[in-house]
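Structure record follows, encoded as C-alpha cells.
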Amino acid sequence: MSRIREKNQQLIIEVASREFATHGYAATKIVDVAKAANIPKPNVFYYFSSKDKLYYAVLQTVTQPLLEASRPLEEVEDPVEALQQYIVAKLRISQDHPYASKVFANEVMSGGSALPEDIGVELFNQSQMIIDKFATWSEQGLMDKVSPHHLMFAIWAATQTYADFSWQICNVMQKEQLDKGDYRQAAEFISQLVIKGCGVKTKP
C-alpha cells in the first residue's frame with residue numbers, strides 16, 4: 001500500500017470514527033464523512049465501497065487493539081505483571097482510539113447488530129480465555145476466590161470509561177483533554193485497586 005493511499009484511508013477512518021461516535025451508525029452518511037474530511041465523496045467510495053465497509057474499518061481500529069491487549073494474560077506468567085500490562089494496554093486504547101472506542105461501546109449497547117460476526121466470535125473467545133485465566137489463578141492460590149466474570153467486567157468498565165465518558169472526566173478534572181500523565185496515574189490506580197483488592201500474588 002502506498003503512503004498516500006494509507007494516509008488517505010487513515011484520514012477517512014479517523015473522521016468516520018468521530019462521525020459514527022457523535023451521530024451513530026444510522027444517522028451517519030458517507031457525504032457527511034467526506035464533508036468533515038474535506039475530500040470529495042467519490043474519494044471515500046474509492047477506498048471504502050460502502051458505509052458498512054467503512055464502519056467495519058472503524059471497528060477494526062479498536063477491536064484489533066482490544067484483542068491484542070489480552071496478550072500479557074496469555075504470555076506473562078506472573079499474575080501481577082500480566083494484570084498491570086493488560087490494564088495499561090486497555091487504557092492505551094482509550095487514549096489512542098477514543099472515538100472508535102465510543103463507536104464500539106455504542107455498538108455493544110445497541111445490541112451488537114452491526115458488529116461483524118467474525119469480530120464478535122474473536123471477542124467472545126478472548127473473554128473466555130480471560131475468565132479461564134482468572135479462575136486458574138484463583139485455583140493456584142495466586143488470587144483470592146473472586147468471580148472471574150465480574151473481575152473482567154470491572155477492568156473493562158474502569159479502563160474504557162476514559163474514552164466513553166471522556167467529556168465528563170475532563171470536565172471534572174477541569175482539563176480540555178487528558179495527558180499521558182493522567183493515563184499513567186489511572187493505570188497505576190486501577191492496577192493497585194485490582195491487585196490489592198483481589199489479593200493477586202506474584203508467582204513464586
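Quick note: the coordinates plus some simple rules give every number you see, no bench work behind them. Keep in mind that what you see is a predicted model, and the values were worked out from it rather than measured. Virtual Cβ from ideal backbone geometry, glycine too; neighbours counted across all protein chains shown.
Highest GNM mean-square fluctuation, the chain, Cα pairs closer than 10 Å: which of Val58, Val80, Val146? The residue with the greatest mean-square fluctuation here is Val146. Separation of the alpha carbons by more than 32 angstrom is noted, of Lys7/Lys133; Lys180/Lys203; Lys7/Lys196, for Lys7/Lys133; Lys7/Lys196. Counting only residues at least eight positions apart within a chain, or on another chain, the aspartates and glutamates with an alpha carbon under 19 Å from that of Lys29 are Glu14, Glu19, Asp52, Glu107.
Pair-distance distribution P(r) for the stretch 61-197, from all Cα-Cα distances in 5 Å bins starting at 0: 2, 10, 19, 23, 20, 13, 10, 3, 0 percent. Report, in degrees rounded to the nearest 10, the 0 to 90 angle that the Cα long axis of helix 51-69 makes with the longest principal axis of the chain. Approximately 20 degrees, to the nearest 10.
Under a Gaussian network description of the chain, with springs only between Cα atoms under 10 Å, the residue in Ala26, Ala158, Ala16 that fluctuates furthest is Ala26.
Taking all Cα pairs closer than 8 Å and separated by 6 or more residues, the relative contact order of the chain comes to 24 percent.
Of the residues Gln185, Gln126, Gln64, the one that moves most in a GNM of the chain with alpha-carbon contacts below 10 Å is Gln185. Axis of helix 79-96 versus longest Cα principal axis of the chain: the two differ by about 20°, to the nearest ten degrees.
Charge dipole (Cα centre; +1 on Lys/Arg Cβ, -1 on Asp/Glu Cβ; no other charges) of the stretch 61-197 amounts to roughly 440 debye.
The spacing between the stretch 157-179 and the stretch 57-106, judged by their C-alpha centroids, is 17 Å.
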